[in-house]
Every structure is written in structure tokens, then in C-alpha cells.
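Student: I have a structure here, written as C-alpha cells, and I will follow up with some questions on it.
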């Protein structure tokens, strides 16, 4: 009979000994089916039972995927804001950011624009850096942008519950915007307000609207966004669920946009009149494309032009020291020295010394080398310049064309006499009586008054010098 080795006997004994000595290893495996962009089903914090809450995720311009998640929770009537990083693994826990204060209900959502992901062929919300905070306090619904309580705005009164969601916005017509929607219950009826883009590109909170199709008797509300470009209002009413949907607002006409790929091939460059010189080192020239443009034109009214010209006037004298050219469309890029040198004006001996662009006033500002008398008409021309561009026909980037503007001459008004009156009186008068029996010289004191009702004095302009 073959004997068992000692080492094998010890392994067999250890197999049963760990159970009796309580030394068997105990492992806990946590398996969750999730992607890198999904939130795990786990508590944000423990030891406090949150009554309500909301979550919003961020993906800014330049970020390939979701980067952060923000949450707002009601902890015993106090609203706290939390944050966690993506990917949403166990190594990134939720972190408390700041405390908003007392509230009866809360919501959180990002504003942004919809962009096409060319690789995945779907739209994603390119968000701002921080979300909007909605909260109900003493029955009043407020909204504020992140921590800036100076932006707190009263949206509605008599509110019991809220829900927020970012709607769809057309990437072709920016003013076709469902907006950042906050729905709320007033009594048992459903209302909403939306933060929408207007015709001029500004954002405002539009007036309150009622979702009349949901009627009364609603006890809960959830505002949702569907994949077919709608906004939905989901309520619970007498033990039933009701859903009201808006019309579709296509982000990009629901068709993947066409793209044009341009490759440069067989590129040649000629250099004439090369003079060879023996030097210590060789010189090289390189060429690269800094501002490439691919323009697909069609008849439209989106050409950029000068809308008006404003002179930059001196206060103490009748001179100006520059001009402000207001444009019909926003301009991008920064005017540099090359642009400045090609700007010209019709006044001999005067040049431009500085060129700026004011995005708020949508105007090019040009400063002159010397002051120009405002009685002089001036023609201003700016060059075609590829370092400056504007957007046309949606997202097409067009370079700045050559522009021309005319600043009219002004006149100086000198006011001498106004509302003058002239009075004429006769101290003495002579009267002859022809039909009297006796014809003699008769004199009697009398007074006559002549009143000039209106008079005018016309000054013909012969010089710019004062009278």
C-alpha cells in the first residue's frame, strides 16, 4: 500500500480545519450591469432619509462623453447639492457640494444646445458648465443659476410639486425651442413655464401655460423628454396615469446631416527667382492652412453687412476720433494688425491706429490717427479677411467679405435770435381837415401801436466759421 505524502495530508486537513477555526475566507461579489455612463443604483448618502430629489448630468463642449452628475436632495426639509464623477464606478462616491436651504420640493437640470454625434449618429445635449436649481419655498417656485442667488427669480405662486426637463431645440432655426421646462402643480392642475431662445438670440422665461388636457385631480407630476422630439407631462390622477405630449420639435430635421471630407493631394508650390548663396545653414519654407473654408452657397438674406455707422465724438469740440460700424450678424475672431493695415478711410493723411470688435454691440470699432472734423463726409472700407468669420446657412463658417460704410457730414447750428418782437409807436401825428369851412393847420397829440405778429431771419451758410 502506497503511503500519502506529508504535504498532501496537511492540505487535506486544512480543507476541514478552516471551517472549525473560523478562518475560511469570506468574499462578497457585487455584480452590476452598467455602462461607463450609467449611474449605479446606490444611495447618495446614508443615515438620512431623503424625501425628494433629482439628478442631472453634464457634457460640455470638448468632452467626449458624460463627465459629471449633479443631484439635489431634500434631507428633513433642507436642500443639499451633491456631485460625482463619471465613469460611475464605486471608486467615485457622491460628494456634498453646498446647501441651498429649506425647501418643500426641488429639481435640477442643465440648459444647453443639441449637437449631432457624427460617430454614433444621435443627438446629445451639450450642456453649460453648471445646472439650474428649482425649489419651492413657502408655496413659491423659484429658479436660480447654480450658486448665484442674485439670479433667483420667482416663477409661480401656490405651487405644491415641481419637475424639470430640457426640451428639444432645432439646430437649424434656433428660435424653434421647447426650452428648459419646469412643470408644477397649482392645486390639482398642471402648469409649466419654459426658458426659451427668442428671435434675437436672447433667452427669457416665457409666460405661464396650463396643460388643460390633463384637467384637475392630479396628485403627482413628472416632466419627461421623448426620443421622437416631444415633451411629455406624466401625472397620477385617481389611481390612473395620464400622459400629455407636445408636438415634435426636430433637433436637426431628424436626418443625419451630410458631411464633406476634403483631402489635399498633389499639392505643388513654385518659388521663382531663387538666388543661391553659400551660407552656414540651409533655409526651409513650410506652408499650412490656417483658415480653411468650404462654402456651399444658396440665395439667402444672411449676408453680413454694415447696418449703421456711429462717430466717436469728442465732448468739448466738434471732432470725432473714430467710428463704430454696427454689423447685421455676429462676427467671430479677433481683428489683428493685418486687418488694421488694410482698413482705409477717404480723409487724406488719416489712418486707423486700432481695430476692436465689441460682441455686445455687434460692432467693429476703428480709432483714427488724428481727429476728424464732423462736418467732413467720410467713406470707410474694410478688407476681405479670412481671420474673421460669421455663420451663415446654419453652421457654415464664412469669412468676412469686404465692407464699405459712409459717415455723413454734420452741420453746426448757431442760434442767434429767437421769438423776437418789435414795437413801433408814434409820439405825434399830423391831421388835415379838408372839408372844413376854415382850412387851417390842426395838431392834436395821438398814439398809434404797430404789432409784428411773426418774423423770420434766414441765414445763408457761407462758411463753417462762427457768425
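Student: Sort 124, 142 so that the residue with the fewest other Cβ atoms within 10 Å of its own Cβ comes first and the one with the most comes last.
Tutor: Ranked by crowding around the Cβ, least crowded first: 124, 142.
Student: Below 8 Å between Cα atoms, with a sequence gap of 6+, how large is the relative contact order for region 50-245 in percent?
Tutor: Over region 50-245, the number comes to 12 percent.
Student: Just report the Cα centroid separation between region 79-127 and region 371-385, whole Å.
Tutor: 51
Student: So the label point goes 7 Å from the Cα of residue 326 along Cα→C-beta, right? Which residues of region 176-213 then have their backbone N under 17 Å from it?
Tutor: Those under the cut-off are 200-202.
Student: Fewest to most neighbouring Cβ within 10 Å: what's the order for 329, 275?
Tutor: 275, 329
Student: With each label point set 7 Å from Cα along the Cα-Cβ vector, what nm distance links residue 76 and residue 157?
Tutor: 3.2
Student: Moving on. As an exercise, use a Förster radius of 45 Å and the Cβ-Cβ distance of residue 293 and residue 244 to find the FRET efficiency, rounded to the nearest 0.05.
Tutor: 0.45
Student: May I pose another question? Suppose each label sits 7 Å from its Cα in the direction of the beta carbon; what would the residue 7-residue 360 distance come out to in nanometres?
Tutor: Distance between label points: 8.3 nm.
Student: Using the scaling law 2.2 N^0.38 Å as the reference, what is the normalised Cα Rg of region 306-407?
Tutor: Dividing the Cα Rg of region 306-407 by 2.2 N^0.38 Å gives 1.08.
Student: Grab the beta carbon distance between residue 95 and residue 213, set R0 = 35 Å, and tell me the FRET efficiency rounded to 0.05.
Tutor: The formula returns an efficiency of 0.25 here.
Student: Extending each Cα 7 Å along its Cβ direction at residue 379 and residue 313, get the distance between those two points in nm, one decimal.
Tutor: Distance between label points: 2.5 nm.
Student: Exposure proxy check: 222, 3, 171, 308 ranked by fewest other beta carbons within 10 Å?
Tutor: 3, 308, 222, 171
Since every read-out is calculated from the coordinates, none of them should be taken as a lab result. Source: prediction; values computed, not measured. No Cβ is skipped: glycine too gets one built from the backbone with ideal geometry, and neighbour counts run over all protein chains shown.
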